[in-house]
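Notes follow the structure.
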Amino acid sequence: MAEIFWHNLSIEEITKLLKTNLEEGLSEDEVKKRQKEFGKNLLPEEKPFSKLKIFLGQFKSPLIYILLIAGIITLILAEYTDAIVIFAAVFLNAIVGFIQENKASQTLKALKKAVKQEAEVLKEAI
C-alpha cells in the first residue's frame, strides 16, 4: 500500500479516503467497527523506568567501563588508595547522574499531567 501524505490532500479527498461525512460524522456502529479494526484512538503510554534501572543505567558508558577496569587493575597492583579514588569517582558520577535523570523523569511526568489531550468528535449528528 502506498504511503499517504495526508497534509497534501484536500478535505474532500481525506473525507472520501476515510469514508466519513463532515456534516453527520460517524454512526455508532461505524465507530465500534473501526475501534475493533484499528483499536481505540489513544496515544501510547510509555512505562516509566524504575529507580533501580535509572541508577544502573548510569554505568552504561565506555568511560565508566574504562574507569572500572582501571580500578580493578589498581586493586590487582595493590594500589588501594588509587583504587578507592577511582571507584569513588565512578560511584559519585552514578549518584549525580541518577539524581539528575530522576529529576528530569519527575518533571516530564508532571508536564504530561498538565497537558490535556482533548479532541472534538462529531458522531451521529441528528
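Where a number appears in this text, it was derived from the coordinates with a stated rule and is not lab data. Note that the structure is a prediction, hence the values are computed from the model and not measured. Note that each Cβ is placed from the backbone with ideal geometry, even for glycine, and that neighbours are counted across all protein chains shown.
Taking every alpha-carbon pair under 8 Å whose residues sit at least 6 apart, the chain reaches a relative contact order of 38 percent. Sites counted here are trypsin sites (Lys or Arg not before Pro) in a DSSP loop (not H, G, I, E or B) having no more than 11 other Cβ atoms within 10 Å; the longest part of the chain that contains none of them is 61-115. Close amide H contacts of residue 49 (hydrogens built in the peptide plane, cut-off under 5 Å, sequence separation of 5 or more or a different chain): none are found.
Couplings 3J(HN,Hα) for segment 71-83, derived from phi with the Karplus relation 6.51 cos²θ - 1.76 cosθ + 1.60 (θ = phi - 60°), are x, 5, 5, 5, 5, 4, 7, 6, 9, 5, 5, 4, 4 Hz, where x marks Gly and Pro. Going through the cross-link list 53/113; 16/47; 19/47; 19/109, which pairs have a Cα-Cα distance over 27 Å in this structure? Long pairs (Cα-Cα over 27 Å): 16/47; 19/47; 19/109.
Restricting to DSSP loop positions (anything but H, G, I, E, B) with no more than 10 other Cβ atoms inside 10 Å of their own Cβ, which GluC sites (Glu not before Pro) remain in segment 83-121? Walk me through the numbers on the way to the answer.
Values: sites: 101, 118, 120; in loops: 118, 120.
When the GluC sites (Glu not before Pro) of segment 83-121 are filtered for loop state and at most 10 Cβ neighbours within 10 Å, 118, 120 remain.
Here volume of the Cα convex hull per residue in Å³ was computed from the coordinates, and among [x] 107; [y] 199; [z] 155 the match is [y]. Computed 3J(HN,Hα) for segment 21-28, one whole-Hz value per residue from the Karplus formula 6.51 cos²θ - 1.76 cosθ + 1.60 where θ = phi - 60°, is 9, 5, 8, 9, x, 9, 6, 4, glycine and proline marked x.
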